[in-house]
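The values are calculated or read from the model by the stated rules, or taken from the named source; none is laboratory data. On a predicted model such as this, the values are computed, not experimentally measured, just so you know. Neighbour counts are summed over all protein chains in view; Cβ atoms, including those assigned to glycine, are modelled from backbone coordinates with ideal geometry. Heavy atoms of the whole protein, side chains included, go into the accessibility calculation; ligands, DNA and RNA do not. Shrake-Rupley method; radii C 1.70, N 1.55, O 1.52, S 1.80 Å.
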Amino acid sequence: TFTNKAAQEMKERVSSLIGPDAGRLWLATFHATCVRILRQDGAAIGLNHNFVIYDTQDQLIVVREVLRELNLSETNFNPRAILATISKAKNELIGPAEYAAEAADFWAGVVKKVYPLYQKKLEDSMAVDFDDLIRLTIRLFQEYPAVLAKYQERFKYILIDEYQDTNHAQYTLVHLLAQKYRNLCVVGDDDQSIYGFRNADIRNILDFERDYPEVKVVKLEQNYRSTQSILKVANEVIKNNQARKRKTLWTENEEGEPVTILKAADEREEAWLVTGT
């Protein structure tokens with residue numbers, strides 16, 4: 001899954017259902033799963049067992065160091081924007097050399113200078129960033145089939161939550177793990193894909209039947225939370241999405257109050273209007 005909170009919730013629910021045997025399962029985020037794999041087997045690709053994981057602030061410090069070494073101004077080249085571009089490249093499994101070969105505009109020309117130096121500084125510090133956790137695990141599996149086979153046996157059954165928000169790297173990781181037994185269950189809603197800015201690829205769920213033609217699709221269309229009036233409006237809105245699986249939400253709940261449209265000047269006024277305070 002995607003958040004530590006969701007992973008913990010899953011652990012608690014599974015524990016309540018099956019008891020101590022839950023300890024034999026891996027219930028974690030993508031990144032926590034990859035950390036565990038890399039700690040155990042990352043030495044095969046030259047990764048130190050005691051590698052550290054840089055958070056966003058650590059990453060920005062490194063980018064700023066690189067910009068100073070390249071005599072590039074932070075005012076002209078925002079470190080966060082550069083980091084976001086590098087992150088996108090990593091999520092597409094594009095390394096520094098491949099990125100440099102494809103750089104086609106001024107901004108990409110700047111990033112292609114920063115990217116390899118940024119990566120070298122991480123390696124020199126025995127550090128990885130969050131995107132590296134998945135990227136390096138994929139590299140480990142691709143370069144060492146025996147390691148991949150070990151984890152394919154370990155993960156004969158795989159369940160992924162919020163699948164609509166997976167990116168290319170996460171898709172590739174799952175595809176490698178599931179390709180032997182193909183016992184893969186994904187839960188997601190293409191109409192709730194909101195993480196495009198984090199490089200989520202809606203095609204992962206829209207094209208699932210193409211990648212796994214033997215799939216069984218179960219539509220979870222009954223809603224237990226909202227009123228009929230809310231769902232009617234929601235259906236009318238989401239049916240206009242250009243790329244989506246056809247579905248119709250319904251509920252046994254009461255009709256409820258008519259939907260009201262509120263126009264707010266900003267997020268603070270929106271919160272004030274919603275809470276009525």
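Assorted remarks:
- Breaking point among (1) open to solvent by less than 50 Å² (accessible area, probe 1.4 Å); (2) closer than 20 Å to Val147 by Cβ; (3) in a helix (DSSP H, G or I), for Ala43: (1)
- In a residue-by-residue description of the stretch 38-52, the property of being farther than 14 Å from Gln119 by Cα, more than 25 Å from the chain's Cα centre (by Cα) and among the charged types (D, E, K, R) applies to no position.
- Among the residues of the stretch 219-268, those that are among the hydroxyl-bearing types (Ser, Thr, Tyr) and either open to solvent by 90 Å² or more (accessible area, probe 1.4 Å) or in a loop (DSSP other than H, G, I, E, B) (or both) comprise Tyr224, Ser226, Thr227, Thr248, Thr251, Thr260.
- Selection within the stretch 147-175 - over 18 Å from Asp191 (Cβ atoms) and assigned to a loop (DSSP other than H, G, I, E, B): Phe155, Lys156, Tyr157, Asn167
- Looking across the stretch 95-105 at every residue that is of a type in the set (Gly, Ala, Ser) and open to solvent by less than 70 Å² (accessible area, probe 1.4 Å), the one that is farthest from Glu123 (Cα to Cα) is identified as Ala103.
Residue by residue, here is whether (1) on the phi < 0 side of the Ramachandran plot; (2) surrounded by fewer than 15 Cβ atoms within 10 Å (Cβ to Cβ); (3) in a helix (DSSP H, G or I); (4) not small (Gly, Ala, Ser) holds:
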position: Met10; (1), (2), (3), (4): yes, no, yes, yes
position: Arg13; (1), (2), (3), (4): yes, yes, yes, yes
position: Gly23; (1), (2), (3), (4): yes, yes, yes, no
position: Arg39; (1), (2), (3), (4): yes, yes, yes, yes
position: Ile53; (1), (2), (3), (4): yes, yes, no, yes
position: Val63; (1), (2), (3), (4): yes, no, yes, yes
position: Ser87; (1), (2), (3), (4): yes, no, yes, no
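- If only residues of the stretch 77-94 that are small (Gly, Ala, Ser) and closer than 17 Å to Lys120 by Cα are counted, the one that is farthest from the chain's Cα centre (by Cα) is Ala89.
- The stretch 163-195, subset at pLDDT below 90 and open to solvent by 50 Å² or more (accessible area, probe 1.4 Å), residue farthest from Ala81 (Cα to Cα): Gln192
- Checked against the criterion of being among the aliphatic types (A, V, I, L, M) and closer than 25 Å to Gln142 by Cβ, the stretch 59-80 contains not a single residue that satisfies it.
- Any hit, the stretch 148-155, residues being of a type in the set (Asp, Glu) and in contact with a strand residue (DSSP E or B) (Cβ under 9 Å, 6 or more places away or on another chain): no
- Residue in the stretch 200-213 that is exposed (fewer than 15 other Cβ atoms within 10 Å of the Cβ), in a loop (DSSP other than H, G, I, E, B), small (Gly, Ala, Ser) and without any contact (Cβ under 8 Å) to a residue 40 or more places away in the chain present: no
- Note on the stretch 112-162: among residues that are more than 19 Å from the chain's Cα centre (by Cα), basic (Lys, Arg) and surrounded by 14 or more Cβ atoms within 10 Å (Cβ to Cβ), the one that is farthest from Ile202 (Cα to Cα) is Lys121.
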